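First comes the structure, then the notes that go with it.
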Amino acid sequence: EAGVTQSPTHLIKTRGQQATLRCSPISGHTSVYWYQQALGLGLQFLLWYDEGEERNRGNFPPRFSGRQFPNYSSELNVNALELEDSALYLCASTLLAGGNEQFFGPGTRLTVL
Amino acid sequence: GESVGLHLPTLSVQEGDNSIINCAYSNSASDYFIWYKQESGKGPQFIIDIRSNMDKRQGQRVTVLLNKTVKHLSLQIAATQPGDSAVYFCAENRGGADGLTFGKGTHLIIQP
């Protein structure tokens, strides 16, 4: 069974640009979570999608947004990129909404120059 | 705000020895805890979990202990191997709406 996949692996942008990150959950999983892992810090919750709807978001500005598609894959969009947005962005999926065991993808390393 | 945190940022142990990684949490209402392992360049990997109605749970070479009185969680790894080198995170799930709340992580280094 394929795990959670994310693309691209690495992404380099400049300040003010927009970034789009993609995530495909494990087959059959309907919930997708996004986390930001900045260098030297723990994972910070960004967004939660379930059944195509945004269910909750963490303490991040509105320029962090996303969506979930009918096939449960998800996109994270970051507008007006700032230097401090440089981080590893991780996606996790769960079988059920609010499920405890979250399975993580390998992440997308975003670098903002 | 309430958070989950770790006592030590780096732990160095000899190969074959046992490792103990500690974690403190502050939300007494939390009822589910998870340990993740993150190797360089990879996403976190689930190791073991425990519910608040338990005080100990064992897996393969790993044991998690929960002390609700002092709000403390620990991960014990028996007979550490080079492949155990990674950053270990404890995390708390408060029901799914807020995702997981992670500590900053402990870097476990295995010395030959």
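Please state which of the following conditions residue B:108 fails to meet, knowing it meets all the rest: (1) out of contact with any Leu (no Cβ under 6 Å at 6 or more places or on another chain); (2) more than 7 Å from chain A (Cβ to nearest Cβ).
Failing condition for residue B:108: (1).
Would you check which residues across segment B:41-69 are assigned to a loop (DSSP other than H, G, I, E, B), in contact (Cβ under 8 Å) with a residue 24 or more places away in the chain and in contact with a strand residue (DSSP E or B) (Cβ under 8 Å, 6 or more places away or on another chain) and list them?
Within segment B:41-69, B:44 is the sole residue that qualifies.
Could you tell me which residue of segment A:73-95 is surrounded by the most Cβ atoms within 10 Å (Cβ to Cβ), considering only residues that are touching a strand residue (DSSP E or B) at 6+ places or on another chain (Cβ under 7 Å) and assigned to a loop (DSSP other than H, G, I, E, B)?
A:81
In this structure, does residue B:89 turn out to be under 28 Å from residue A:54 (Cβ atoms), surrounded by 17 or more Cβ atoms within 10 Å (Cβ to Cβ) and of a type outside the set (Val, Ile, Thr)?
For residue B:89, the condition - under 28 Å from residue A:54 (Cβ atoms), surrounded by 17 or more Cβ atoms within 10 Å (Cβ to Cβ) and of a type outside the set (Val, Ile, Thr) - is met.
For the condition among the charged types (D, E, K, R) and over 19 Å from residue A:38 (Cα atoms), what is the one hit in B:104, B:56, B:37?
Going through B:104, B:56, B:37 in turn, just one is among the charged types (D, E, K, R) and over 19 Å from residue A:38 (Cα atoms): B:56.
Give me a count of the residues in segment A:33-60 that are aliphatic (A, V, I, L, M) and either facing chain B (nearest Cβ under 7 Å) or surrounded by fewer than 21 Cβ atoms within 10 Å (Cβ to Cβ) (or both).
4
Tally the residues that are without any contact (Cβ under 8 Å) to a residue 40 or more places away in the chain and within 7 Å of chain A (Cβ to nearest Cβ), restricting the search to segment B:71-105.
Residues meeting the conditions: 5.
Could you say whether any residue in segment B:22-34 is crowded, with 17+ Cβ neighbours inside 10 Å, modelled with pLDDT of 95 or more and either in a strand (DSSP E or B) or of a type in the set (A, V, I, L, M) (or both)?
The answer is no; no qualifying residue exists.
Within segment A:85-103, work out how many residues are modelled with pLDDT under 95 and over 20 Å from residue B:90 (Cα atoms).
3
Is it the case that some residue within segment B:29-42 is within 10 Å of the chain's Cα centre (by Cα), more than 10 Å from chain A (Cβ to nearest Cβ) and basic (Lys, Arg)?
Yes, there is a match, as at least one residue in segment B:29-42 is within 10 Å of the chain's Cα centre (by Cα), more than 10 Å from chain A (Cβ to nearest Cβ) and basic (Lys, Arg).
The values are calculated or read from the model by the stated rules, or taken from the named source; none is laboratory data. On a predicted model such as this, the values are computed, not experimentally measured, just so you know. Neighbour counts are summed over all protein chains in view; Cβ atoms, including those assigned to glycine, are modelled from backbone coordinates with ideal geometry.
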